[in-house]
Amino acid sequence: MFEYVLRRLLQTVAVLLIVTIISFLLLHLTPGDPAAAMLDTGASREQIDALRKELGLDRPLPFQYAHWLSRVLHGDLGTSIMYRDPMADIFAARLPITLTLSATAFVLSTILGIAAGIICAIRRGGLVDQLVSLCANLGIAVPVFWLGILGIYVFGFRLTWLPIEGWVSPFEDLTQSIKQSIMPVILLAVPGIA
């Protein structure tokens, strides 16, 4: 039993290591210079080179990866290029929103999934059972990101019923919070309902 657990742990660590290497390399293959992106557009070449040196981007890739991995293992996730804030602070600010949306989607998917299952069991072989089964198969087969794009296009752009971005706490404005939460909650709940 111990050998099995150890083997699974080593496999998990190996997969995580491979994923981090691939992610790290993909980020370095993207066009543009992160140091130039962090500075203003009018920054001189010397300023860009100084920031590259400060960030360690002037070193070979294996050293950059080792430095990045050691910082991540110590809890330092780095600084956002776009916001210029520590990533840990950005994650901490967005975690309550993510947990709220996820918990709401979980409750919704549990209630609707169980209700749909009960209806299908009671109406076995009928039209309602076939429709619910069709919707369940579509919910499993259709990628959620595609449904998200479709929802943004239809309900955000065409019909302008729902906002396509932003977050307002329900304690500030309940109506706006519900409008902004409807689409992400439903999209998160679709696989669970199916």
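Against the numbered list (1) touching a residue at least 24 places away in the same chain (Cβ under 8 Å); (2) under 17 Å from residue 20 (Cβ atoms), residue 78 comes up short only at (1).
Of all the listed residues (27, 95, 10, 16), the sole one being part of a helix (DSSP H, G or I), open to solvent by less than 100 Å² (accessible area, probe 1.4 Å) and not basic (Lys, Arg) is 95.
Okay, residues lined up against (1) in contact (Cβ under 8 Å) with a residue 40 or more places away in the chain; (2) acidic (Asp, Glu); (3) closer than 26 Å to residue 98 by Cβ:
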site: 112; (1), (2), (3): yes, no, yes
site: 118; (1), (2), (3): no, no, no
site: 127; (1), (2), (3): no, no, no
site: 144; (1), (2), (3): yes, no, yes
site: 152; (1), (2), (3): no, no, yes
site: 156; (1), (2), (3): no, no, yes
site: 159; (1), (2), (3): no, no, no
site: 162; (1), (2), (3): no, no, yes
site: 171; (1), (2), (3): no, no, yes
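Going by the conditions given, is residue 157 in a helix (DSSP H, G or I), open to solvent by 90 Å² or more (accessible area, probe 1.4 Å), closer than 16 Å to residue 180 by Cβ and not polar (S, T, N, Q)?
Values: in a helix (DSSP H, G or I): yes; open to solvent by 90 Å² or more (accessible area, probe 1.4 Å): yes; closer than 16 Å to residue 180 by Cβ: yes; not polar (S, T, N, Q): yes.
Answer is yes for this residue.
Assess whether residue 52 counts as being free of Cβ contacts under 8 Å to residues at least 60 places away in the same chain, in contact with a helix residue (DSSP H, G or I) (Cβ under 6 Å, 6 or more places away or on another chain), in a helix (DSSP H, G or I) and open to solvent by 50 Å² or more (accessible area, probe 1.4 Å). Yes.
The values are calculated or read from the model by the stated rules, or taken from the named source; none is laboratory data. Predicted, not measured: the structure shown is a model, and the values here were computed from it. So basically every Cβ, Gly included, is an ideal-geometry build from the backbone, and we count neighbours across all protein chains shown. What goes into the accessible areas is simple: the full protein's heavy atoms, side chains included, and nothing from ligands, DNA or RNA. Shrake-Rupley method; radii C 1.70, N 1.55, O 1.52, S 1.80 Å.
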